[in-house]
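A.B. asks: What follows is a single structure, and I will ask about it in a moment.
A short reminder: the numbers here are calculations on the coordinates, not readings from a lab. Because the structure is a prediction, the values reported are computed rather than measured. Counting neighbours? That spans all protein chains shown, and the Cβs are built from the backbone with ideal geometry, glycine included.
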Amino acid sequence: MADELKSTRQALGDTLISYMDKYKDNKLIVLTADLTGPTGLLQFSKSYPGNFMDLGIAESNMIGVGAGMALDGMKVVMTSFASFITGRYDQIRCSLAYPKIPCIIVGTHSGMAIGRDGVTQMGLEDIAIMRALPNMRVIQPNNYTNACEIIDYLLKNDLNSPVYLRLHRQPYYDEFGDWDIDGQNITIYFSGCFGREVYNIIQRLNSKGISGVSAEIVRSIKPLLTPIAPTTKMIVTIEDHSIIGGLGSAIIERCSEMEINPKIIRIGLNDIFPESGKPEDLYRKYKLDEDSIYERIIYEFEKLHT
Amino acid sequence: MRINPWTLRKIILKMIYQKKSGHIGPSFSIVDLISKIFSESGDRILTGEDVLIISKGHAVPALYAVLNMVGAISDEELETFREIDSRLEGHPVVNKLPLVGATTGSLGQGLSIAIGRALAKEKLGKNGTVSCIIGDGELQEGQIWEALLFANKYKPKNLNIYIDWNNSQNNGELLFNFNTQASAIDSIMKDFIFNRVYYFNDPEKIELNNLNKKEPNIVIIKNKKGFGLPKEFEGENSHSFIPNEEEYNIILKYIEKNESEYNNG
């Protein structure tokens with residue numbers, strides 16, 4: 001199947017399988033809380049049952065058991081939906097972050113993309129919660145290919161702290177090629193599955209005569225490794241997450257530290273819970289589809305230049 | 001190793017009194033147990049082969065005290081209890097002091113970690129027993145039951161779970177009575193979860209040398225919070241009370257009397 005049709009949650013299962021095929025690492029253990037299929041682990045659970053464990057609908061226990069296994073030297077990957085796993089904040093805080101336990105915490109079904117199941121299944125504040133924890137890294141790949149690379153890297157290297165890995169349910173593919181790197185007018189920072197939309201938006205802005213627009217994919221939200229050009233006049237951040245505490249906030253924090261003052265527009269969920277619906281309807285209603293984002297950028301850009 | 005539980009009480013009392021901070025009652029109620037555990041397997045705990053997790057993390061002074069007695073923590077270091085830059089935090093922190101077994105303090109989490117450690121030892125072919133001390137109040141946390149159900153399914157070998165049944169929690173008497181008897185929890189455990197449940201009515205009569213090594217064990221110890229304090233200080237009020245100088249001297253005298261009786265007995 002072409003990469004276009006694969007999701008980052010599938011990257012989890014696929015990369016775990018290829019890692020085990022190659023290294024037969026008896027220290028690897030992958031934990032699920034009754035969500036084997038939805039987290040992309042069905043094939044892995046069948047191919048490597050000795051390295052897989054279902055702990056049932058008990059995420060708090062899963063986090064503690066994972067912590068214990070890591071303390072005795074295992075390479076632990078614990079998985080659930082982003083909302084459910086980060087929802088056990090105190091367990092992550094006390095059992096993983098404070099003792100700096102090396103492990104991978106995977107939250108799938110991030111953002112609104114699950115659609116019809118509704119808000120309780122959507123990870124919408126998970127970046128904010130995980131960012132607030134010392135010792136916690138926060139990583140979000142933007143498509144299947146780089147998700148495989150990132151997961152492979154995390155499995156092959158000794159971690160010295162916990163890592164929160166934010167994955168997605170939906171298949172997504174983008175081509176992030178050589179874009180106009182002169183971001184003098186607008187720099188777009190996005191994290192997650194927005195590459196195609198951002199590419200299209202830049203083309204549309206260029207056609208409207210707005211040049212000097214660049215884009216950066218942010219995969220490591222914490223630590224924030226993406227450089228910010230001090231001369232850019234306007235920054236737009238895009239995330240399938242609340243505008244409070246996520247990528248947008250991280251960028252604002254960095255600009256403040258750099259003592260620069262571009263106009264900053266955070267695009268995401270505006271401190272509002274969405275609802276059940278088809279994903280495309282949700283992205284349109286809550287202004288996270290390509291047209292809404294484009295119109296918002298035009299509006300803010302024109303406001304800045306009048 | 002022969003660990004005098006009264007010496008442990010003396011060390012704990014001094015540690016907490018000096019800093020005017022800590023939990024005397026909960027720490028006192030586990031010293032007989034800790035003394036017995038260290039008699040059985042102290043040398044393996046010190047090498048890291050065995051693991052001791054205090055899920056009721058506020059009772060960690062008992063562990064610091066026994067580690068001081070066996071020389072793993074110096075007297076000088078003991079004086080840094082709850083001070084800044086110390087390894088001896090108010091609740092145990094495993095990456096600072098690996099002998100604590102797990103970072104605990106938010107109740108209900110330590111048992112899951114203990115089970116994870118026991119399973120990992122099995123999977124990796126390591127020897128070693130994992131012991132976990134939980135409080136009876138902690139049984140109110142849902143995660144404890146998640147952990148027990150999980151342990152029942154995967155039955156790690158070499159896991160011992162100790163329940164300090166002192167019929168107390170921070171606010172006073174135990175809120176949910178479990179039919180008011182520790183022996184009732186014993187039957188819940190037997191019928192519902194574990195095959196091996198040991199029940200001791202008197203902390204001073206704990207015997208640990210015939211615990212099963214093929215399945216997890218539950219050991220319930222019926223106790224009084226602050227066991228080992230003079231009668232007037234025992235019980236529900238001993239959770240986080242700090243004695244004044246006069247009270248301190250009364251308690252110290254009482255402990256020292258028992259300490260020498262234990263040594264002579």
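A.B. asks: Show me, for the range A:73-88, the HN-Hα J-couplings you get by feeding each phi into the Karplus relation (A = 6.51, B = -1.76, C = 1.60, θ = phi - 60°), rounded to Hz, glycine and proline as x.
C.D. replies: Each residue's phi maps through the Karplus curve to give x, 8, 9, 9, 10, 10, 9, 5, 5, 4, 5, 6, 6, 6, x, 8 Hz.
A.B. asks: While we're here: Find the relative contact order for the range B:1-76 and round it to a whole percent, using C-alpha pairs within less than 8 Å whose residues are 6+ positions apart. Display every interim value, and only then the final one.
C.D. replies: Working: 70 pairs, mean separation 30.5, N = 76.
Over the range B:1-76, the number comes to 40 percent.
A.B. asks: Can I ask one more? I need the phi-derived Karplus couplings for the range A:134-141: 6.51 cos²θ - 1.76 cosθ + 1.60, θ = phi - 60°, integer Hz, Gly and Pro marked x.
C.D. replies: Working through the residues one at a time gives x, 6, 9, 8, 10, 10, 9, x Hz.
A.B. asks: If you count, for every residue in A:54-61, the Cβ atoms of partner chains within 10 Å of its Cβ, what is the mean?
C.D. replies: On the way: counts 1, 9, 4, 1, 8, 2, 9, 17.
Taking all residues of A:54-61 together, the mean is 6.
A.B. asks: Take every residue in peptide B:99-112, count the Cβ atoms of other chains within 10 Å of its Cβ, and give the average of those counts. Mind dumping the intermediate values first?
C.D. replies: Values: counts 0, 1, 2, 8, 10, 4, 2, 6, 1, 6, 10, 5, 4, 13.
Mean shielding by partner chains, rounded to a whole number: 5.
A.B. asks: Quick check on the protein assembly as shown: of the DSSP beta bridges with both residues there, what percent are antiparallel, nearest 5%? List each step's numbers first, then the result.
C.D. replies: Working: 5 of 65 bridges.
Just about 10 percent of them are antiparallel.
A.B. asks: Quick query: amide H of A:LEU28 versus all other amide H atoms, modeled in the peptide plane; which residues come in under 5 Å with a sequence gap of 5 or more or a different chain?
C.D. replies: Hits under the 5 Å cutoff: A:LYS75.
A.B. asks: Counting Lys and Arg as +1 and Asp and Glu as -1, what is the net charge of the other residues whose Cβ lies under 15 Å from the Cβ of A:LEU224?
C.D. replies: Result for the neighbourhood of A:LEU224: +3.
A.B. asks: Lys and Arg at +1, Asp and Glu at -1: add these up for the other residues within a Cβ distance under 14 Å of B:SER86 and post the number.
C.D. replies: Surrounding charge for B:SER86 is -3.
A.B. asks: Ranking request for peptides B:50-57, A:186-193, A:264-271: highest mean number of other beta-carbon atoms within 10 Å first, then the rest in descending order. All intermediate terms of the calculation are to be shown ahead of the outcome.
C.D. replies: Working: B:50-57: 28.2, A:186-193: 26.4, A:264-271: 18.9.
Most protected by this proxy first, the peptides run B:50-57, A:186-193, A:264-271.
A.B. asks: To continue, here is another question. Let me check against my output: what whole-number percent is the relative contact order of chain B, with C-alpha pairs under 8 Å and at least 6 apart?
C.D. replies: Values: 503 pairs, mean separation 62.6, N = 265.
So the answer I get is 24 percent.
A.B. asks: When we measure straight from the Cα of A:LYS156, which lysines land under 17 angstrom away, once same-chain ones fewer than 8 places off are left out?
C.D. replies: Candidates past the 8-residue exclusion: A:LYS22, A:LYS24, A:LYS27, A:LYS75.
A.B. asks: A follow-up question, please. When the convex hull of the Cα atoms of the protein assembly as shown is projected onto a plane and the area is averaged over all directions, what value comes out in nm²?
C.D. replies: Details: hull surface 116.9 nm².
That works out to 29.2 nm².
A.B. asks: Would you mind checking the tilt of helix B:31-47 against the longest principal axis of the Cα atoms of chain B, expressed as 0 to 90 degrees and rounded to 10?
C.D. replies: Compared with the principal axis, the helix lies near 70 degrees.
A.B. asks: Using label points projected 7 Å from each Cα along Cα→Cβ, tell me how many nm separate A:GLU302 and B:LYS213, to one decimal.
C.D. replies: The answer from the label model is 8.1 nm.
A.B. asks: I've got another one for you. For every other residue with a beta carbon closer than 14 angstrom to the beta carbon of A:ALA33, add +1 if it is Lys or Arg and -1 if Asp or Glu, then tell me the sum.
C.D. replies: Values: positive: A:ARG88, B:LYS153; negative: A:ASP34, A:ASP54, A:GLU59, B:GLU146.
Taking every other residue near A:ALA33 into account, the sum is -2.
A.B. asks: Moving to a separate point now. So between A:VAL119 and A:SER211, what do we pick up on full extension, going 0.36 nm a residue minus the alpha carbon distance? If you can, show how the numbers build up before the last one.
C.D. replies: Values: separation 92, 0.36 × 92 = 33.12 nm, distance 3.79 nm.
Once the chain is fully extended between A:VAL119 and A:SER211, it gains 29.3 nm.
A.B. asks: Take every Cα pair under 8 Å in chain A that's 6+ residues apart, average their separations, divide by the length, and report that relative contact order as a whole percent. Can you show the working numbers first?
C.D. replies: Values: 633 pairs, mean separation 53.5, N = 306.
Normalised by residue count, the contact order of chain A is 17 percent.
A.B. asks: When Cβ neighbours within 10 Å are restricted to other protein chains, what is their mean count per residue of peptide B:87-97? Please list the in-between numbers first.
C.D. replies: Numbers: counts 0, 0, 0, 0, 2, 1, 3, 7, 6, 1, 0.
For this peptide, the per-residue mean of nearby foreign Cβ atoms is 2.
A.B. asks: Turning to a different aspect of this structure: Using Cα positions and a limit of under 25 Å, work out the lysines in reach of B:LYS224, with same-chain residues fewer than 8 apart set aside.
C.D. replies: Within reach: B:LYS10, B:LYS14, B:LYS19, B:LYS20, B:LYS36, B:LYS56, B:LYS190, B:LYS205, B:LYS253, B:LYS257.
A.B. asks: Put +1 on the Cβ of every Lys and Arg and -1 on every Asp and Glu Cβ in the range A:1-153; which of A:ASN146, A:MET74, A:ASN51 then has its Cα farthest towards the positive end of the dipole?
C.D. replies: A:MET74
A.B. asks: Also, quick follow-up: Tell me the Kirkwood radius of the range B:45-132: reciprocal of the mean inverse pair distance over distinct alpha-carbon atoms, in Å.
C.D. replies: Working: mean 1/r = 0.0754 Å⁻¹.
With all distinct Cα pairs of the range B:45-132 included, I get 13.3 Å.
A.B. asks: Restricted to Cα positions, what overall size does the range B:1-95 have along the principal axes? Three whole-Å values, descending.
C.D. replies: Sorted from largest, the Cα extents of the range B:1-95 read 33, 28, 25 Å.
A.B. asks: Then there is this: I need the per residue convex hull volume for the range A:72-150, using only the alpha carbons, in cubic angstrom as a whole number. Show your work: numbers first, answer last.
C.D. replies: Details: hull volume 7.7 nm³, N = 79.
Measuring per residue, one finds 97 Å³ for the Cα hull of the range A:72-150.
A.B. asks: To continue, here is another question. What is the pair-distance distribution P(r) of chain A, computed from all Cα-Cα distances in 10 Å bins starting at 0, with each bin given as a whole percent?
C.D. replies: 6, 28, 34, 21, 9, 1, 0
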